[in-house]
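Only the coordinates and a few stated rules stand behind these numbers; no lab work does. In this text the structure is predicted, and so the values were computed from the model without any measurement. Note: ideal-geometry Cβ built from the backbone for every residue, glycine included; neighbour counts use all protein chains shown.
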Amino acid sequence: MILITGSTGLIGSAASTFFLNKNTKVIGIDNDLRSYFFGKKSSNKWKELILRKNKKYKHYYIDIRNKKALFKIFKKYKGKIKSIIHTAAQPSHDWAAKEPFVDFEVNANGTLNLLEAFRIYNPKSTFVFTSTNKVYGDRPNFLPLNEKKLRFEINNKHSFFKKGINETMSLDQTTHSIFGSSKVAADILVQEYGRYFNLKTAVFRGGCLTGEYHSGAKLHGFLSFLVKSIINKKFYSIFGYKGKQVRDNIHSLDVISAFNEFIKRPKKGGLVYNLGGGRDNSCSILEAIKLIENISGIKSKYKVLKENRIGDHIWWITDNSKFKKDYPNWKIKYSLYKSLEQMIEFELKNKSNA
Ligand SMILES: NC(=O)c1ccc[n+]([C@@H]2O[C@H](COP(=O)([O-])OP(=O)(O)OC[C@H]3O[C@@H](n4cnc5c(N)ncnc54)[C@H](O)[C@@H]3O)[C@@H](O)[C@H]2O)c1
């Protein structure tokens, strides 16, 4: 039995489906708070309806801020949960600044509620947390970056050039945004439950997580929202950096296969891993637009705004070496190109909601 929070989200629904396909019972927790954050069009409710059709899936429409309700669920399944995959979150920089209390209560307090329930009722299980590379704040922006025709690129003599940014980057003295701060609090708590209480916890600091099941919104899920905008011939606004900001992209199924490697062979000690698509699956926004245009044959309509998002990364490519060293069986199966093909096909078929 696996307990998944945010079970209808991009990562949560991929995890739910992955384990249901293995005939494992899934306890899903999600109260569709995403539609409160980003509007009805970005709701994940449609995935809840699909998941509920599976008899091995049990859905709890509760809020992770509700400690009493959470503890009741954990008490009910005491000792039976093999792993907890915690993906429920307020996931956007910009939204967090609008309602800092809600952001912190969901991201930080919600995570603490889950960690305590885990420690009290299921301490032998594993706890997987989806953190973010935003915990490093805007420190990556102080790397030696050069402007190229379509992207920013790190100086090729820098140690991060070949493989990307690893976990040695400091978290201090940078601009995190309110969202980055609440995620840092959660990230450190998960590490501490591993170190202080000697439990099996792992923190995965994601880059851009993506896939056809992302209900991309203007404020969260850049690649998904970009695909939807182009396919539905909507105008797309790029925030700053001339559209040359670089992200690496990883498909949700490659994220879940990494989680599964940890769950199969968990280690104690509060592990921390950067997790992303790596250099091969990186693109600037301008490059992403070109790729989507080429695959779909649809011309984009976009403008580049002067102002960038506060704390936004100019260049981020993940170094996955630490995870690969600990879990050598893990490999990325979905290239950026393949992910985009699937996302475009899905959007053309479903004409969702850009
Ligand atoms: N998508 C990315 O690019 C990305 C990158 C780095 C890190 N992450 C992290 O990965 C995790 C999952 O991201 P995602 O893209 O799947 O997000 P998502 O918004 O698709 O899924 C999160 C789900 O959690 C639910 N939720 C939110 N608050 C809740 C609450 N208080 N109680 C119960 N349910 C709640 C939402 O309704 C939503 O369905 C998040 O922690 C996010 O910060 C995502």
* Asked: Over segment 285-354, how many percent of alpha carbon pairs lie in each 10 Å bin up to the one with the longest distance?
  -> 14, 32, 33, 18, 2
* May I ask which residue of Pro91, Asn31, Gly164 lies farthest towards the positive end of the charge dipole of the chain, with charges of +1 (Lys, Arg) and -1 (Asp, Glu) on Cβ and the Cα centre as origin? => Asn31
* In whole angstrom, how far apart do the alpha carbon centroids of segment 218-280 and segment 1-53 sit? -> 18
* To do: List, in order, the whole-Hz ³J(HN,Hα) value for each residue of segment 304-319 obtained from phi through the Karplus relation with A = 6.51, B = -1.76, C = 1.60 and θ = phi - 60°; use x for Gly and Pro.
  => 9, 7, 5, 7, 8, 6, 5, x, 5, 7, 7, 8, 9, 10, 7, 9
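Under the classification rounded if a/c is under 1.5, otherwise prolate if a/b is larger than b/c and oblate if not, where does segment 1-114 fall, given a ≥ b ≥ c as square roots of the Cα gyration tensor eigenvalues?
oblate
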* Suppose every K and R has +1 on its Cβ and every D and E has -1 on its Cβ; what is the size of the dipole of the chain about the Cα centre, in Debye to the nearest 20? -> 1140
* **For Thr132, distant residues with modelled amide H under 5 Å away** => Gly206
* Compute the long axis of helix 222-231 from its Cα atoms, compare it with the longest principal axis of the Cα atoms of the chain, and write down the angle in degrees, 0 to 90, nearest 10. => 60
* Go ahead and estimate [θ] at 222 nm for the chain from helices alone: -39,500 (n - 2.57) per DSSP H run with n ≥ 4, summed, over the residue count, rounded to 500. => -11500 deg cm²/dmol
* Structure fact -> the chain: antiparallel bridges as % of DSSP beta bridges, rounded to 5, reads 15
* Structure fact -> Against the 2.2 N^0.38 Å rule of thumb, the C-alpha Rg of the chain sits at a ratio of 0.94
* Determine the alpha carbon to alpha carbon distance for each of Lys47/Lys218; Lys134/Lys301; Lys218/Lys299; Lys148/Lys233; Lys200/Lys324 and list only those over 23 Å. => Lys134/Lys301; Lys148/Lys233
* Asked: Pairing the Cα long axis of helix 285-296 with the longest principal axis of the chain, what angle in degrees results, from 0 to 90 and rounded to the nearest 10?
  -> 90
* In this model, which of Lys124/Lys264; Lys40/Lys349; Lys67/Lys124; Lys82/Lys338 are farther than 24 Å apart at the alpha-carbon? -> Lys82/Lys338
* Cα-based shape type of segment 91-149, given that a ≥ b ≥ c are square roots of the gyration tensor eigenvalues and the cut on a/c is 1.5 -> oblate
* To do: Rounded to whole Hz and in sequence order, give me ³J(HN,Hα) for segment 161-168 from the Karplus expression 6.51 cos²θ - 1.76 cosθ + 1.60, θ = phi - 60°, writing x for Gly and Pro.
  => 4, 6, 10, x, 8, 9, 6, 7
